[in-house]
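Engineer: Here you go, one structure.
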Amino acid sequence: MISYRITVAKVFEPKDVIGKDFIRESGEPIKKCGFVEENQVFTVDEILSVPKGFCPHAWYGIFKELWMLRNGNGYPDWTGQNTIYATCPDGIRPVCFKIEKLDT
């Protein structure tokens with residue numbers, strides 16, 4: 001059976017992305033993502049079910065990378081045959097994920 005491990009590699013703040021804090025019109029700053037924490041690990045089954053507690057916005061952004069690994073593709077010259085890095089599509093406070101295909 002094949003499964004996948006998704007590890008939160010980095011949670012970025014707006015300052016990391018745009019070089020300054022991002023302040024809403026209300027005056028409230030936008031903080032880094034609150035759905036996940038760095039080094040948090042999620043396990044995904046072979047049918048690629050969304051892990052419990054995983055951000056739906058991030059899932060939408062990284063699913064294509066999981067699909068690539070599931071079908072034997074990836075970036076072997078960059079990250080190895082069974083590892084891909086992907087980010088969620090939040091342009092102000094993205095999260096980077098390390099995705100590993102596991103043979104169990």
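Only the coordinates and a few stated rules stand behind these numbers; no lab work does. Predicted model only: the values in this text are computed from it and were never measured. Here the Cβ positions follow ideal geometry from the backbone for every residue, glycine too, while neighbour counts run over all protein chains shown.
Engineer: How many residues are over 13 Å from residue 98 (Cα atoms) and surrounded by 14 or more Cβ atoms within 10 Å (Cβ to Cβ) when one looks only at the stretch 4-40?
Structural biologist: The qualifying residues number 10.
Engineer: Within the group 74, 61, which residue is small (Gly, Ala, Ser) and more than 13 Å from residue 101 (Cβ to Cβ)?
Structural biologist: Of the residues listed, the single one that is small (Gly, Ala, Ser) and more than 13 Å from residue 101 (Cβ to Cβ) is 61.
Engineer: Do you know which residues across the stretch 59-87 are surrounded by 11 or more Cβ atoms within 10 Å (Cβ to Cβ), touching a Phe, Trp or Tyr at 6+ places or on another chain (Cβ under 9 Å) and aromatic (Phe, Trp, Tyr)?
Structural biologist: 75, 85
Engineer: While we're here: Out of all the residues in the stretch 65-81, is one or more in a strand (DSSP E or B) and in contact with a Leu (Cβ under 7 Å, 6 or more places away or on another chain)?
Structural biologist: No, every residue in the stretch 65-81 fails to be in a strand (DSSP E or B) and in contact with a Leu (Cβ under 7 Å, 6 or more places away or on another chain).
Engineer: What are the residues in the stretch 56-87 that are of a type outside the set (D, E, K, R) and touching a residue at least 40 places away in the same chain (Cβ under 8 Å), if any?
Structural biologist: Hits for the stretch 56-87 are 62, 66, 69, 85.
Engineer: Now for a different question. Identify all residues within the stretch 41-58 that are surrounded by 16 or more Cβ atoms within 10 Å (Cβ to Cβ) and either under 11 Å from the mean Cα position of the chain (by Cα) or part of a loop (DSSP other than H, G, I, E, B) (or both); write none if there are none.
Structural biologist: Result: 42, 54, 55, 58.
Engineer: Test of understanding: among 33, 96, which residue is in a strand (DSSP E or B), on the phi < 0 side of the Ramachandran plot and of a type in the set (A, V, I, L, M, F, W, C)?
Structural biologist: Within the list 33, 96, the selection yields 96.
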